[in-house]
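First comes the structure, then the notes that go with it.
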Amino acid sequence: MSEFETKSDRKHLVVSKIKNGTVIDHISPGMSPLVLKILGIGPGSKEAVSMAMNVHSSKMGKKDILKVEGKFISDEELNKIALIAPEATINLVEDFEITRKFRVEPPEVVENIIKCPNQHCISNSNEPIKSRFRIFTDGRKVVAKCDYCGKKLYNLQDYI
């Protein structure tokens with residue numbers, strides 16, 4: 001069964017393979033537009049993108065999938081994706097073949113990725129301080145805690 005086939009009706013959504021690039025699977029449903037933003041892909045971008053949103057997943061119920069031709073993601077982009085889609089899997093494709101497949105893992109610490117919403121936090125002052133958050137999981141949710149003021153953030157997509 002292809003990654004875009006639904007089990008209930010066995011209909012296929014035909015999406016061509018990519019020659020070189022990245023396939024991001026198991027994205028939390030509805031988060032693929034934010035993943036594209038993290039990757040710097042939008043109107044006027046040169047990369048060819050296939051996006052499937054809210055497709056059936058036996059593991060997750062529903063999921064999003066992105067195929068990005070000509071883009072190999074950086075470690076910083078991986079860290080950001082892991083914060084909003086902790087179950088995502090990454091497939092690196094070269095010459096139509098998957099050369100590497102792995103799961104994202106949220107980093108233990110992130111700097112300058114999340115902005116602290118606490119206006120009184122020192123990271124929001126005129127001091128030359130980078131924002132820094134400790135990352136941990138609470139069940140299936142990724143949580144960030146500011147190193148400076150202790151503020152906990154639960155919906156990280158709102159702060160990236």
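This table checks each residue for (1) modelled with pLDDT under 90; (2) within 23 Å of residue 40 (Cβ to Cβ).
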| position | (1), (2) |
| --- | --- |
| 76 | yes, yes |
| 94 | no, yes |
| 97 | no, no |
| 102 | no, yes |
| 128 | no, no |
| 154 | no, no |
Positions within the stretch 124-155 being within 27 Å of residue 28 (Cβ to Cβ), open to solvent by 50 Å² or more (accessible area, probe 1.4 Å) and of a type in the set (Ser, Thr, Tyr), in sequence order: 137, 154
For residue 105: the one exception among (1) part of a strand (DSSP E or B); (2) open to solvent by 100 Å² or more (accessible area, probe 1.4 Å): (1)
Positions within the stretch 111-123 being open to solvent by 50 Å² or more (accessible area, probe 1.4 Å) and not in a loop (DSSP other than H, G, I, E, B), in sequence order: 111, 122
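Taking only the stretch 66-89 into account, find how many residues are assigned to a strand (DSSP E or B) and buried (at least 21 other Cβ atoms within 10 Å of the Cβ).
3
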Pairs, first under 17 Å from residue 101 (Cβ atoms) and free of Cβ contacts under 8 Å to residues at least 60 places away in the same chain in the stretch 54-72, second assigned to a strand (DSSP E or B) and of a type in the set (Lys, Arg), C-beta under 8 Å, six or more apart: 57/63
Residue in the stretch 9-21 that is at pLDDT 90 or above, under 21 Å from residue 100 (Cβ atoms), open to solvent by less than 30 Å² (accessible area, probe 1.4 Å) and part of a strand (DSSP E or B) present: yes
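The values are calculated or read from the model by the stated rules, or taken from the named source; none is laboratory data. Every value quoted in this text rests on a predicted model; they were computed, and no experiment measured them. Neighbour counts are summed over all protein chains in view; Cβ atoms, including those assigned to glycine, are modelled from backbone coordinates with ideal geometry. Just so you know, the surface numbers come from the protein's heavy atoms only, side chains and all, with ligands and any DNA or RNA stripped out. Shrake-Rupley method; radii C 1.70, N 1.55, O 1.52, S 1.80 Å.
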